[in-house]
Amino acid sequence: MSEQRWRSGPGKHLPFALVLGISALGLVRIFQYHWRQGAVLLGVSLLVAAVLRILVSDEQAGLIKIRGRGMDAFLYSTLGIVVIAVALTITGGPLSR
């Protein structure tokens, strides 16, 4: 039964919905002038996408599948780590709070 859930239209996009939800929360925090927290949440959403891309099959990956599994996981995790690192190391400027 659970296999059928993954093959259905809405069930196929659950990993993407999770990543999209975390990204939306990050954008809300950015719009609330908490840009550092929002940027970290965007980086976390990329790391979640990398983990999901490794754990779920190609059929279950849905919209987070772009290239091969290894390349997707590498690019998602690298970009996620870079976004988090930049968000945590920037000091000063007009957006500091």
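For the pair Glu59 and Thr78, label points projected 7 Å from Cα toward Cβ lie 3.1 nm apart. Multiplying the residue separation of Thr91 and Phe31 by 0.36 nm and removing their Cα-Cα distance gives an extension gain of 19.7 nm. Going by accessible surface with a 1.4 Å probe and the largest first, Arg36, Arg67 read Arg67, Arg36.
Kindly sort Ser57, Ser23 by accessible area of their heavy atoms, largest first, with the probe set to 1.4 Å.
Ser57, Ser23
Looking at region 37-87, the accessible area is 50 square angstrom per residue; that uses a 1.4 Å probe and ignores ligands, DNA and RNA. Listed values for region 27-36 are Karplus-derived 3J(HN,Hα) couplings in whole Hz (6.51 cos²θ - 1.76 cosθ + 1.60, θ = phi - 60°), namely 5, 4, 5, 5, 5, 8, 6, 10, 5, 5, and x replaces Gly and Pro.
The values are calculated or read from the model by the stated rules, or taken from the named source; none is laboratory data. As the structure is a computational prediction, the values presented were derived from the model and not from experiment. Positions of Cβ are generated from backbone atoms using ideal geometry, with glycine treated the same way; all protein chains shown enter the neighbour counts. For the accessible areas, the whole protein counts, side chains as well, though only heavy atoms, and no ligand, DNA or RNA atoms are used. Shrake-Rupley method; radii C 1.70, N 1.55, O 1.52, S 1.80 Å.
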